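Heads up, the thing below is written out as structure tokens.
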Amino acid sequence: MVNAIWSEMGLLYPPKVEPLAKHAKATIATATRLCIRLPERLPSWCLLHEIAHAITATAEGWSDGHGAAFMGVYVRLLARYLRLESADLVRTAREDHIKVADDARPAFADA
């Protein structure tokens, strides 16, 4: 699924997908630009969340965290793949003082 979404977004070189360590109890999943670690099963929103992290990070280790670029990409993924209303997601995020970049792009796009 990660490779399909990555490709559909017109991106090259998707992150490697590995299993999350079985002993990880406090972490649902993790992601960097180079690797997404997932449990055997997880909710769709969580997969999209981790993909958004991979898109808004660089291979050198910089990450937007849960910043405006991350939120912009995450909203786009939620709207596209879970068919949630983008305007509603952005409005409710901003009501909670969460910044959402309307023009969010992959962190590595200009690299």
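The values are calculated or read from the model by the stated rules, or taken from the named source; none is laboratory data. Quantities reported herein were computed from a predicted structural model and do not represent experimental measurements. Every residue, glycine as well, gets a Cβ built from its backbone with ideal geometry; the counts of neighbours run over all protein chains shown.
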Considering only residues that are crowded, with 18+ Cβ neighbours inside 10 Å and of a type outside the set (A, V, I, L, M), look in the range 33-47 and name the one that is farthest from Phe108 (Cα to Cα). Arg37
Hey, any hits in the range 70-86 for a residue that's of a type in the set (Lys, Arg), crowded, with 17+ Cβ neighbours inside 10 Å and either modelled with pLDDT of 95 or more or under 18 Å from Met9 (Cβ atoms) (or both)? yes
Output yes when any residue across the range 32-44 is out of contact with any Phe, Trp or Tyr (no Cβ under 6 Å at 6 or more places or on another chain), farther than 27 Å from Ala21 by Cα, at pLDDT 95 or above and part of a helix (DSSP H, G or I), and no when none is. no
Check on Asp96, of a type in the set (D, E, K, R), more than 20 Å from Ala4 (Cβ to Cβ) and within 16 Å of the chain's Cα centre (by Cα): no
Test Ala101 against the criterion of being surrounded by fewer than 20 Cβ atoms within 10 Å (Cβ to Cβ) and of a type in the set (A, V, I, L, M), and give yes or no. yes
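Residue-by-condition table, conditions (1) touching a residue at least 12 places away in the same chain (Cβ under 8 Å); (2) touching a Leu at 6+ places or on another chain (Cβ under 7 Å); (3) aliphatic (A, V, I, L, M):
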position	(1), (2), (3)
Arg37	yes, yes, no
Ser63	yes, no, no
Gly67	yes, no, no
Gly72	yes, no, no
Tyr81	yes, yes, no
Arg91	no, no, no
Of these, Glu50, Glu8, which one is without any contact (Cβ under 8 Å) to a residue 24 or more places away in the chain, acidic (Asp, Glu) and either buried (at least 18 other Cβ atoms within 10 Å of the Cβ) or on the phi > 0 side of the Ramachandran plot (or both)? Glu50
Selection from the range 50-78 of residues within 13 Å of Ile5 (Cα to Cα) and of a type in the set (A, V, I, L, M, F, W, C) yields Ile51, Ala52, Ala54, Ile55, Val73, Leu77, Leu78
Scan (1) surrounded by fewer than 17 Cβ atoms within 10 Å (Cβ to Cβ); (2) modelled with pLDDT under 95; (3) under 16 Å from the mean Cα position of the chain (by Cα) for the single condition Asp110 breaks and write down its number. (3)
Can you give me the number of residues within the range 53-68 that are crowded, with 20+ Cβ neighbours inside 10 Å and farther than 19 Å from Leu12 by Cα? 1
Complete set of residues in the range 16-26 that are surrounded by 11 or more Cβ atoms within 10 Å (Cβ to Cβ) and modelled with pLDDT under 95: Leu20, Ala21, Ala24
